[in-house]
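A short worksheet on the structure shown next.
The values are calculated or read from the model by the stated rules, or taken from the named source; none is laboratory data. Keep in mind it's a predicted model, so treat the numbers as computed, not measured. Ideal geometry is used to build each Cβ from the backbone, glycine not excepted, and the neighbour counts take in all protein chains shown. What goes into the accessible areas is simple: the full protein's heavy atoms, side chains included, and nothing from ligands, DNA or RNA. Shrake-Rupley method; radii C 1.70, N 1.55, O 1.52, S 1.80 Å.
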Amino acid sequence: MIEIIPEIDRIEEYAELAEQYSLGFEYNDFFNPDLLDEEDVIRERIRQYRQLERPERVDTMHGAFYDIVPFSWDRGISRHSMYRMQQSAEIAAELGCRAVIFHAGLQPEFAGGKRYYSNWLETMEETARKLAAQSGVEIYYENVKETSPAELAELADSLRDESCFGICLDVAHMMLTKGAAPEEWIHRLAPYIRHFHLNDNHLKLDDHLALGCGDIDWKKMFGSIRQYGLQDRSMLLEVNGLEKIRTSLEYLEKAGICHEYAGDNFTDR
């Protein structure tokens with residue numbers, strides 16, 4: 001399934017587009033710290049989305065990520081990070097989401113330190129298990145600054161018995177780190193990839209351009225996805241605004257990708 005990011009102020013237009021193309025949603029409201037501090041606002045936002053009567057366990061949600069470091073040696077930071085992550089998982093469950101996505105958070109400049117790395121590995125494994133058990137939603141970790149798939153693969157290997165865990169592969173982030181070839185990322189993480197984030201860039205900055213408006217070779221990328229049998233995974237068009245979403249959908253359609261990757265539910269305009 002292809003997903004889009006809805007905007008609450010134009011929710012009827014997004015709902016109409018989602019119905020037209022049989023799209024899923026990935027809610028991006030609930031990583032905003034200002035919103036998360038206002039319980040009344042949270043309750044009202046959940047109510048507004050629930051009124052859409054979206055199908056259960058189809059959509060996803062991006063969890064809190066600002067200053068979120070559950071593996072921090074500062075206990076105060078660690079505790080607050082866990083609080084925000086639990087809050088995110090609970091909101092995702094209330095929305096009827098299938099999964100919530102968190103940043104894996106590994107900082108490459110520290111990854112070589114054995115104490116730092118082992119603490120990250122142990123804490124992020126324990127956190128995924130705890131959040132999945134408490135909320136009942138799937139927990140996906142997303143690559144951000146990691147320069148190779150090796151560390152995420154080791155973490156995923158440690159969670160291979162956890163059916164509610166998966167990797168969200170952010171293609172744009174992967175292309176920017178340039179530490180390993182895209183084929184290596186997909187090869188190593190393929191058994192664990194449950195979700196993709198897709199947007200374009202010029203291989204320099206995380207521009208979040210519409211697909212086809214940057215320099216990522218999407219035909220080659222989708223070829224690798226197909227090679228490893230990952231075309232049935234959900235894929236978020238991680239761009240903001242209806243114009244960029246429509247541009248991305250048109251690009252995928254012209255490239256002959258939409259019908260293959262959205263499945264039988266994709267409908268022509």
ask   = Residues of region 104-123 being of a type in the set (A, V, I, L, M, F, W, C) and out of contact with any strand residue (DSSP E or B) (no Cβ under 7 Å at 6 or more places or on another chain), which ones?
value = LEU106, PHE110, ALA111, TRP120, LEU121
query = Which of the residues that make up region 8-20 are surrounded by fewer than 20 Cβ atoms within 10 Å (Cβ to Cβ) and touching a residue at least 40 places away in the same chain (Cβ under 8 Å)?
reply = ILE8, ARG10, ILE11, GLU13, LEU17, GLN20
request  = Identify all residues within region 203-229 that are in contact with a Gly (Cβ under 8 Å, 6 or more places away or on another chain) and over 23 Å from GLN107 (Cα atoms); write none if there are none.
outcome  = TRP218
ask   = Just wondering, is there one or more residues in region 168-186 that are crowded, with 16+ Cβ neighbours inside 10 Å, within 21 Å of ALA93 (Cα to Cα) and either under 15 Å from the mean Cα position of the chain (by Cα) or touching a residue at least 12 places away in the same chain (Cβ under 8 Å) (or both)?
value = yes
Matching residues in region 214-239 - criterion: being farther than 14 Å from ASN201 by Cα and open to solvent by 50 Å² or more (accessible area, probe 1.4 Å) = LYS219, LYS220, ARG226, GLN227, TYR228, GLN231, ASP232, ARG233
note = Condition set over 27 Å from GLY136 (Cα atoms) and among the charged types (D, E, K, R), scope region 166-187, selection modelled with the lowest pLDDT: answer is LYS178
inquiry  = So in region 57-101, with the set limited to residues that are aliphatic (A, V, I, L, M) and free of Cβ contacts under 8 Å to residues at least 40 places away in the same chain, which one is least open to solvent (accessible area, probe 1.4 Å)?
reply    = ALA64
Unmet criterion (only one of (1) of a type outside the set (Val, Ile, Thr); (2) at pLDDT below 95; (3) open to solvent by 20 Å² or more (accessible area, probe 1.4 Å); (4) not in a helix (DSSP H, G or I)) for GLU146 = (3)
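Take the residues in region 240-258 that are within 24 Å of ILE167 (Cα to Cα) and either touching a Cys at 6+ places or on another chain (Cβ under 7 Å) or at pLDDT below 95 (or both); name whichever of them is surrounded by the fewest Cβ atoms within 10 Å (Cβ to Cβ). Break it down stepwise before answering.
Quick first cut of region 240-258, residues within 24 Å of ILE167 (Cα to Cα) only: 240, 245, 248-249, 252, 257-258.
Okay, now just the ones that are also either touching a Cys at 6+ places or on another chain (Cβ under 7 Å) or at pLDDT below 95 (or both), so 249, 252, 257-258.
Working: LEU249: 24, LEU252: 24, ILE257: 22, CYS258: 20.
That would be CYS258.
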